[in-house]
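No value in this document is a laboratory result; all are computed from the given coordinates. What you see is a predicted model, and the numbers here were worked out from it, not measured in a lab. Glycine also receives a Cβ, built like all others from the backbone with ideal geometry; neighbour counts cover every protein chain displayed.
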Amino acid sequence: MALRFNSDDATGFKLLLCLAVMYGLMSMLVHSIVHMKFIKPLAIDAPLHQFSEARAVEHVRILSQEIDGRQEGRSGIKEAARYIKGQLETMKERASENFRIEIEETVVDGSFSMMFLGHSISFGYRNHTNILMRISSADSQDTDPSVLINGHFDSPLGSPGAGDCGTCVASMLEVARLIVDSGWVPPRPVIFLFNGAEELFMLGAHGFMEKHRWHDTIGAFVNVEASGTGGLDLVCQSGPGSWPSRVYAQSAVYPMAHSAAQDVFPVIPGDTDYRIFSQDHGNIPGLDIIFLFGGYFYHTSYDTVERLLPGSVQARGENLFSIIKGFTNSSMLQNFYKPASSEITIHQEKDDGAIFFDYLSWFMVFYSRRLALILHRVPLAVFVVMPCLLNLRKFSMTSCLATFSDLTKGFLLHALGVFLAIVSPIMFSILRLLFINFSMHWFSHPYLAYLMFMPCSLVGLLIPRTFWSCFPLSRDVPVHQASKEVLSDEARFWGAFGFFSSLTMAYLLAGLSGGFLTFFACISMLGAWLSFSMAAKYYGHRSLRSILFYVLPMVPYLAYSVYFGGFLAQFIIEKTGMMGSIPPPYGYFIPDIVVAATIGVVTSLCIGPLIPVCGHWLARSSILQFLLQIIVVGLAVSSQFFPYSMAAPKRVVLQQTYRTSGPNRLEDSSYELSVVDSNSLRFLFKHAPDVANELQTASHLTFESANLSGQENWLALFPVSFMFSRSLKFPAKESTSTKDFHFPYLIDSKPQTISDDGTRRVYLELSLGSVEEVWVTVLNITGPLSNWSFADNKLSAPEKLAGGPPSYICRLSGASDENWTFWLEAKSQEKLRIDIAVLDQKLTNEVKRLKSLFPDWVDVIAYSSFMSTYTF
C-alpha cells in the first residue's frame with residue numbers, strides 16, 4: 001500500500017521521528033543504567049579502604065567453579081562453609097585491637113510449617129550449617145542492638161550458583177573485610193549470617209531465629225538475594241514501618257528502590273529469608289535487596305561467574321557498606337526482644353508504608369504516607385475544580401457544567417485509548433499465535449517484543465483521537481471567545497490529566513505504594529500544559545514549536561517512565577521462561593498475552609501523557625498505516641527467530657523415577673520429563689530429535705497417545721511441581737548402578753499405642769538406604785491423621801494432590817548417618833497411607849548420557865526420585 005503525503009502528514013511524520021529519536025536516546029540512557037555501565041568496577045589491587053568488585057568476584061569464582069556443587073547433600077556445601085569460615089578467621093587475625101570479632105559455626109535443626117505458593121507445607125530439618133561473624137567495638141556488650149546482614153551460600157539444584165547466591169556471599173565477605181581493613185569501628189555490632197539452607201525454603205534463617213543467642217539482639221537486617229546475575233539491585237521489600245527504607249534513601253550510594261515493588265512482590269512465585277526475619281518468625285525492620293536482571297540464568301547450570309554483569313557487585317558492595325553505616329548510626333536501632341520506646345513506636349505508626357523511588361539511580365525521592373495522603377489527592381482535586389477555574393471570566397453554572405461535560409468526555413476518550421493500548425497488542429499476540437507453531441519468539445530477543453507490540457499499543461492509543469478527530473464539545477465556542485481547536489485540546493488534556501489523577505487516587509485508596517508514578521505524571525503534565533499554553537499564544541496550538549514547549553517539561557517524567565517501564569518489561573520477559581506450563585488450550589497463549597499487556601501498559605505510561613497535545617499530528621491515517629506496516633514487518637521478522645539460546649535457555653526437568661518396595665526391591669524405573677514454559681515437550685522433541693530417538697518416541701508425538709506423568713509422580717519437587725503440566729513418562733533403560741543398592745524404606749520403630757480416647761499412635765523410622773546425595777525427602781500422608789511429631793505437634797493445612805484425598809505434606813532435609821524417626825497419630829483404626837519421595841542428586845550413567853543429548857539452548861535439571869508407598 002502506497003502512502004500519500006500532504007503537508008500535514010509530513011509534519012506528523014516529523015513529529016513521530018523526533019519522538020522516536022527522543023525515546024531512543026532515553027532508552028540508550030536507561031540501558032546503560034540498568035546494565036551498570038556507569039559504574040566502574042574496582043580492580044583486585046584497589047586500595048584496601050575501598051570495596052573491590054574484582055576481589056568479591058574472586059570469591060564467586062572459588063565458590064562456583066573450584067567448589068563442586070553447594071547443594072544440600074553434596075560435599076561442596078561443607079567445603080563452601082569451610083572456605084567462608086577460613087576467610088573470616090583471616091580477617092579476625094589482622095583486625096586491630098579496637099575490634100571485637102566473634103566467629104561461630106552453628107548446626108541448626110528444627111521443624112515448622114508455612115504457606116508457599118498457596119500451598120501448606122511442614123518441614124523437618126537437621127544438620128544445616130550457618131557461619132556467623134559479629135563485628136563490634138572492643139567495649140561493646142553482648143546485649144547491644146545489632147544489624148544483621150544475611151545471605152545464603154547454598155545453591156539450587158543443578159546450578160553453580162554464581163549469581164544465586166555466590167554474589168551475596170562474596171559481597172558480604174568483601175564488606176566484612178572492608179570494615180576490618182578500613183579501620184571503621186561500627187558504633188553498634190554488625191552480624192554477618194552466612195546461612196547454608198535458603199534454597200530448602202529458608203531453613204537456615206529459621207534455625208538462626210529459633211536457636212541462636214544473637215537473634216534477640218537484632219534491631220535491623222538487610223537480606224541480600226539474587227534472582228539473576230546482576231543489574232538493578234532493587235529493594236523489593238521493606239518494613240515493618242518506613243524506617244528501613246528511610247535509612248536506605250539517606251545512605252545508598254547508588255539508590256535502586258521503589259515502593260511499587262512491594263505491591264508486586266507478593267504475587268511473584270518465590271520467597272526470600274526476608275519473610276522469616278520480618279514476618280513469620282520475627283517483626284524486625286529490614287530490607288530485601290535482590291539482583292533482578294540476568295533472570296535467564298536464575299536456577300540454571302548457566303548461572304556462572306562469566307554471566308555476572310560487570311559493575312553490579314561493585315554497586316551492591318558500596319551500597320551495603322553505606323547502609324550498614326546508616327543503620328548502626330541510627331537512633332531508631334533497638335533490640336528485637338525489647339519493646340521499642342513510645343517515641344519510636346509513634347514515629348513508626350505515623351510513617352508506615354512510605355512512598356519512595358529512585359530517579360535513574362541518581363537520587364532517591366522519599367515521603368511519608370501521611371504526606372502522600374495529602375499530595376496524591378491534589379491532582380484529583382485540581383481536576384474536579386478545573387471546570388470552575390476555566391470559567392472564572394464569565395462564570396455561570398451552565399458553562400461550568402458544559403466544561404465538566406467536555407472534561408469528562410476527554411477523560412473517557414483517554415481511558416478508552418489506554419484500554420485499547422493494552423487490548424490491541426493482546427489481540428495481535430493471540431491472532432499471531434493461531435498461525436504459528438510455537439510461542440515466545442521474543443524470549444531470547446526482547447527487542448522483538450517492542451517491535452511487535454509497541455506499534456500495536458500506539459495504534460490503540462491513537463484510535464479514539466482518529467475516530468473523534470472533531471471533539472464533541474458541549475461548550476458554546478463564541479461564548480468562550482476561543483477557537484474550537486483550543487477548547488478541544490483543553491478538554492483532551494484535562495481529561496487525560498483526570499485519568500492519571502484518578503489512578504493516583506485509586507492507588508492511594510487501595511493502600512498500595514505505587515501511586516508515585518502517576519502522581520509524577522500529573523505534576524509533569526501541569527507544568528507542561530502551562531508551558532504549552534504560554535507558547536501557544538505566540539506560535540499557535542498546532543505549531544510544532546508549541547509542542548516542543550509541552551514535551552520539554554515532560555522529559556524528566558518521560559525518562560523515568562522509560563526507566564521504570566523498560567525495567568518492568570525486561571524483568572517479565574526473563575521470568576516467562578519459568579512461569580510454569582499452564583494446561584492447554586490457554587497456557588500456550590499466556591506468556592505472549594502477559595508480555596503484550598505489559599508493553600501496552602508501558603506504552604500508555606510513556607506516551608499517553610503526550611497524546612492530548614501530540615495526538616492531532618500523530619492520529620493521521622497515513623501514520624496509522626505506517627504503524628500497521630511496522631506491525632506486519634514485526635510479525636514477519638519475529639516468526640524467523642528461535643525463542644531460545646544459550647543466553648536465554650529453555651528449562652527442562654528430567655527425573656529418573658524408581659518405584660521401590662522395601663530396601664531391595666525395584667518395581668519400576670522410568671524417565672519423567674517436564675517443561676516450565678508454554679512451549680511443550682512436543683516442541684522440544686521436534687527441535688531435539690536426538691533426545692526423541694533416545695527415548696524411542698516420535699519427534700512429532702501427540703499428547704493423546706503419549707504416556708502422561710501425573711502430579712503424584714513429581715512429589716519430590718512439591719510444591720514447585722504444580723508449575724508443571726502435560727509432563728511425559730518414558731521407560732528407563734536398565735542400569736547396573738542399582739545392583740546391590742539399598743533403597744529408602746520405612747518401618748515401624750516400635751509397637752503402636754492406643755490412648756484412652758481411641759487415638760492410635762504409630763512410631764516410624766525412615767532409612768535413606770544407599771542414597772548418597774539427598775536433597776530432600778518428601779512425605780505425603782493421607783488418612784485419618786490427627787497429629788504428628790513435626791512442627792511442634794501441629795498439623796499443617798491439608799493439601800490435595802492430583803484430585804486425591806486430603807493429604808499432609810512434610811519435607812525432611814539434612815544429611816546424617818542416623819535414620820529419621822517420628823510418630824503419627826490417627827483418630828481411627830483406618831489405615832494411614834504414606835507416600836515417600838527421596839530426591840537424589842547423583843545421576844546414573846544412563847541419565848548423564850540422556851542429558852548430554854539435549855541441545856545447548858536447553859538447560860536440564862536432572863535428578864533421581866526414589867518413590868515408595870506404605871500403610872500403617
Relative contact order of the stretch 779-852, pairs being alpha-carbon contacts under 8 Å that are 6 or more residues apart, as %
43 percent
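Pull out a ≥ b ≥ c, the square roots of the eigenvalues of the alpha-carbon gyration tensor of the stretch 237-326, then state rounded if a/c is under 1.5, prolate if not and a/b is larger than b/c, and oblate in the remaining case. Don't skip to the answer; put the middle values down first.
Numbers: a/c = 2.04, a/b = 1.25, b/c = 1.64.
Judged from the Cα gyration tensor, the stretch 237-326 comes out oblate (a/c at least 1.5, b/c at or above a/b).
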Quick one: which residues, 5+ away or cross-chain, put their amide H under 5 Å from the amide H of residue 789? H built at 1.01 Å from N.
823
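Among 421-432, 149-160, how do they line up by average Cβ neighbours within 10 Å per residue, starting with the highest? Present the calculation step by step, with values, prior to reporting the outcome.
Numbers: 421-432: 20.8, 149-160: 25.8.
So the order, starting with the most tightly packed, is 149-160, 421-432.
Ranked highest first by the average count of other Cβ atoms within 10 Å around their residues, in what order do 234-246, 83-95 fall? Show your work: numbers first, answer last.
Working: 234-246: 23.5, 83-95: 16.5.
Descending mean neighbour count gives 234-246, 83-95.
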With everything on Cα atoms, drop me the angle between helix 167-182 and the longest principal axis of the chain, reported from 0 to 90° to the nearest 10.
90 degrees
How big is Rg to Rh over the stretch 479-614, alpha-carbon atoms, Rh as the Kirkwood inverse-mean-distance radius?
1.10
So if each residue of separation counts as 0.36 nm, and I subtract the Cα-Cα distance between residue 419 and residue 335, what length gain in nm does that give?
25.2 nm
Along Cα→Cβ, 7 Å out, is where each label goes; now give me the distance between the ones at residue 534 and residue 800 in nm to one decimal.
6.6 nm
A student asked for the Cα radius of gyration and Dmax of the stretch 376-638 in angstrom ought to give 19.8, 64
Computed FRET value (nearest 0.05) for residue 92 with residue 43, which takes r as the C-beta separation and R₀ as 22 Å:
0.30
Fewest-first sequence of 403, 398 by Cβ atoms within 10 Å of each Cβ:
398, 403
Spacing of the two label points (7 Å from each Cα toward its C-beta) at residue 828 and residue 378, in nm:
6.7 nm
Sequence order, the stretch 384-396: Karplus ³J(HN,Hα) from phi using 6.51 cos²θ - 1.76 cosθ + 1.60, θ = phi - 60°, Hz rounded, Gly and Pro as x, gives 5, 8, 4, x, 6, 5, 6, 10, 5, 5, 10, 6, 7
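Given 0.36 nm per residue, what is the gain on full extension from residue 398 to residue 138 after removing their alpha carbon distance, in nm? Intermediate results must be reported in sequence, preceding the final value.
Values: separation 260, 0.36 × 260 = 93.60 nm, distance 7.80 nm.
Going from the current span to full extension adds 85.8 nm.
Helix-derived [θ] at 222 nm for the chain: sum -39500 (n - 2.57) over DSSP H runs of at least 4, divide by residue count, nearest 500?
-13500 deg cm²/dmol
Here is the link list: 211/800; 794/831; 85/211; 78/827; 14/575. Which ones come out longer than 31 Å on Cα distance?
On the way: 211/800 33 Å; 794/831 20 Å; 85/211 20 Å; 78/827 42 Å; 14/575 37 Å.
Going by Cα-Cα distance, 211/800; 78/827; 14/575 fall outside the 31 Å limit.
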Can you sort 617, 362, 468 from fewest to most other Cβ atoms within 10 Å of each residue's own Cβ?
362, 468, 617
Among 70, 651, what is the fewest-to-most ranking by other Cβ atoms within 10 Å?
651, 70
Sorted by chain and then number, the residues having a modelled amide H within less than 5 Å of the amide H of residue 650, at least 5 places away or on another chain, are 645, 858, 859
Compute the length gained on full extension between residue 371 and residue 661: take 0.36 nm times their separation in residues and subtract their Cα-Cα distance, giving the result in nm to one decimal.
97.8 nm
Go ahead and run the numbers for FRET between residue 32 and residue 526, Cβ-Cβ distance against an R0 of 35 Å, rounding to 0.05.
0.70
Bridge type composition, the stretch 649-872 - antiparallel percent by DSSP, nearest 5
85 percent
Assuming R0 = 56 Å, can you tell me the calculated FRET efficiency for the pair residue 621 and residue 759, based on Cβ-Cβ distance, to the nearest 0.05?
0.10
Label point distance in nm, residue 18-residue 636, each placed 7 Å from Cα along Cα→Cβ
3.2 nm
Ranked highest first by average number of other Cβ atoms within 10 Å, how do 190-197, 110-117 line up?
190-197, 110-117
Nearest 10 degrees, 0 to 90: helix 544-575 Cα axis against the chain principal axis:
20 degrees
I'd like the distance separating the alpha-carbon centroids of the stretch 811-872 and the stretch 486-553, in whole Å.
59 Å
Residue-ordered couplings for the stretch 127-137, obtained by feeding phi - 60° into the Karplus form 6.51 cos²θ - 1.76 cosθ + 1.60 and rounding to whole Hz (Gly and Pro as x), are 6, 8, 9, 10, 10, 10, 9, 10, 10, 8, 6
Provide, in order from the shortest bin, the percent of all Cα-Cα pairs of the stretch 649-872 in each 5 Å bin, continuing until the bin that contains the maximum pair distance.
1, 6, 14, 17, 17, 14, 11, 8, 5, 3, 1, 0, 0
Nearest 10 degrees is fine. How inclined is helix 446-467 to the longest principal axis of the chain, computing both from alpha carbons?
40 degrees
Going by amide H atoms built from the backbone, whose H comes under 5 Å of the H on residue 253, apart from near neighbours?
319
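Give the percent of DSSP beta bridges with both residues in the chain that are antiparallel, rounded to the nearest 5. Don't skip to the end; give the middle numbers.
Numbers: 94 of 126 bridges.
Roughly 75 percent of the DSSP beta bridges within the chain come out antiparallel.
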Among residues other than residue 58 whose Cβ falls under 15 Å from its Cβ, what is the net charge (Lys/Arg +1, Asp/Glu -1)?
-2
